[in-house]
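Q: There's a structure below that I have some questions on.
Quick note: the coordinates plus some simple rules give every number you see, no bench work behind them. Model, not experiment: these values are computed from the prediction. In this analysis, Cβ positions are derived from the backbone assuming ideal geometry, glycine residues included, and neighbour counts consider all displayed protein chains.
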């Protein structure tokens, strides 16, 4: 079976959403449960998990953002079913996260290390549940789905001076194609839009969205003000600077090219699911893994990731298609990078032509073709924390 | 001939798409304009050089937008990077103690 233009083979979920993968997720809501979760993935084929350091002694908006991230990972349509693994005494209760995920109608069960009487019993119980879910998942067939059901995250990491010339504009072409097909494209990394916000505010569908653009930019810039530092001490990074990027504004103007040219429909919080189709901006930091996690928790089934310096980045539940901004890094890190937009720099291919190739690759990957990061089990996860741990 | 790219006609800088040695003469084309520039520094792949003279304190344009401000006078053909350009945004270091927590 092959995917045709604007169609792909996906997994239909109970709530009508479509997944491009059929994972069983072992979801630890607390750092204390991450080791047991990893053990279950060793025992049971077809399961994924992630390591993190959060889930306890968190309050207020920071508590909510972490909670939303956990629940969003479970609700992502690439996940068939979820075993939510808790310790028992943590602030982020496994049962509450499971209740949120259950609203999608997918299989969800809770295992608590304290209730089970220790790590080994919790692993055994979690593995038994997961094994059953994996077999059920394996019986589900893919069906023909439309591109309008796709939510594509866009990201750049390890940027160089070529990012804004080659891969980011090519991703912009894809972003427009996804939007025109009725789907959703996520622009993110607010930090790396500082200096380009006026260009995006002009594309906002209404004054409310335009005002939010300036608000989230001001909030991000204020964090640097309150630390009393030049943001350039951390962004652009030393690798960005070696690659020829001089200031954050220069990096931002190149990064904004990923958004293509369509109207900006809404501005959403970190790990929040978009309420509108088309181009949306998620408020995330520039940190690659925190941004990636926010977009996947928001429902992105596939992420496009451009890189000039080279990166291994991947997600436990969403395929990440990595795109080189220059040919030398594509050749040097071909085990990590899926596609080459350096052909634009070489003069061998146009921006539009590379965009078309990426669009076609989305259909293949959505239908089951594995990305390099999936093959190498690059299961990155990181939450944007917005408050202290107590 | 060394490959370069200049994004917008009003930009002050162009980008080297190959390592270019000091003293080389390059022809930078943007829209209908051609700038002939003799490089005062060696320019690495992906790095910028000035195609017009830039004065200290002047905003520097790339993509037709402001990418920062010149820290010194920059001659045509000079490397334009962190040694002679600073960002204007996210400059917590330039504020007094009043805004610090």
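Q: Fewest to most neighbouring Cβ within 10 Å: what's the order for A:75, A:339, B:1, A:121?
A: Arranged by neighbour count, lowest to highest, A:75, A:339, B:1, A:121 become B:1, A:121, A:339, A:75.
Q: Expressed as an acute angle from 0 to 90° and rounded to the nearest 10, what is the orientation of the C-alpha long axis of helix A:351-366 relative to the principal long axis of chain A?
A: Result, in degrees: 10.
Q: Shifting gears a bit: What is the mean number of Cβ atoms from other protein chains located within 10 Å of the Cβ atom of each residue in peptide B:63-71, rounded to a whole number?
A: The shielding value for this peptide is 5.
Q: Counting other beta carbons within 10 Å of each Cβ, put A:159, B:32, A:261, A:166 in order, fewest first.
A: B:32, A:261, A:159, A:166
Q: Work out, step by step, the length gained on full extension between residue A:335 and residue A:141: first 0.36 nm times the residue separation, then minus their alpha carbon distance; give nm to one decimal.
A: 66.8 nm
Q: Also: So between residue A:202 and residue A:31, what do we pick up on full extension, going 0.36 nm a residue minus the alpha carbon distance?
A: Stretched fully, the residue A:202-residue A:31 segment lengthens by 57.3 nm.
Q: Could I ask something else about it? Taking 56 Å as R0, compute the FRET efficiency from the Cβ-Cβ separation of residue B:36 and residue A:215 and round it to 0.05.
A: 0.75
Q: Can you tell me the orientation of helix A:60-75 relative to chain A, as the angle in degrees between its alpha-carbon axis and the longest Cα principal axis, to the nearest 10?
A: With both axes taken from Cα atoms, the answer is about 80 degrees.
Q: Out of all Cα-Cα pairs in the protein assembly as shown, roughly what percent, to the nearest whole number, are more than 35 Å apart?
A: Cα-Cα pairs in the protein assembly as shown separated by more than 35 Å: 35 percent.
Q: So the label point goes 7 Å from the Cα of residue A:180 along Cα→C-beta, right? Which residues of region A:341-366 then have their backbone N under 17 Å from it?
A: Under cut-off, by backbone N: A:350-363.
Q: Would you please put A:298-309, A:239-250, B:11-22 in order of how densely packed they are, using the mean number of other Cβ atoms within 10 angstrom per residue and starting with the highest?
A: A:298-309, A:239-250, B:11-22
Q: Also, quick follow-up: Measure off 7 Å from each Cα along the Cα-to-Cβ vector at residue B:18 and residue A:369, then give the distance between these two points in nanometres to one decimal.
A: About 3.2 nm separates the two model spin labels.
Q: Show that you can apply the helix-only estimate: for chain A, add -39,500 (n - 2.57) for every DSSP H stretch of four or more residues, divide by all residues, and state [θ] at 222 nm to the nearest 500.
A: Rounded to the nearest 500, the figure is -11500 deg cm²/dmol.
Q: Let me ask something else about it. Whole Å is fine, so just give me how far the alpha carbon centre of region A:21-35 lies from that of region B:1-76.
A: First find each Cα centre; the distance between them is then 50 Å.
Q: If I stretch the segment between residue A:385 and residue A:226 completely, what's the gain in nm (0.36 nm per residue apart, minus their alpha carbon distance), one decimal?
A: Between residue A:385 and residue A:226, full extension yields an extra 55.6 nm.
Q: Another question about this same structure. Starting with the fewest neighbours, write out A:70, A:214 ranked by other beta-carbon atoms found within 10 Å of each beta-carbon.
A: So the residues, fewest neighbours to most, are A:214, A:70.
Q: Something else: Run the quick spin-label model on residue B:55 and residue A:51: label points 7 Å from Cα toward the beta carbon, then report their separation in nm to one decimal.
A: Between residue B:55 and residue A:51, the label points sit 5.7 nm apart.
Q: Let me confirm one metric for peptide A:218-227, namely the mean number of other chain beta-carbon atoms within 10 Å of its residues' beta-carbons.
A: 4
Q: Right, something else. Whole percent per 5 Å bin, from 0 to the bin with the longest distance: what is P(r) over all C-alpha pairs of chain B?
A: It works out to 3, 13, 23, 22, 16, 9, 5, 4, 2, 2, 0, in whole percents.
Q: Quick check: Cα centre of region A:90-161 to Cα centre of region A:230-275, how many Å?
A: Between the Cα centres of region A:90-161 and region A:230-275 lies a distance of 30 Å.
Q: Separate question: When the C-alpha atoms of region A:146-375 are aligned to their principal axes, what extent does each axis show, in angstrom, from largest down?
A: So the extents along the principal axes, rounded to whole Å, are 43, 40, 32.
Q: Run the quick spin-label model on residue A:119 and residue B:2: label points 7 Å from Cα toward the beta carbon, then report their separation in nm to one decimal.
A: Here the modelled spin labels are 5.8 nm apart.
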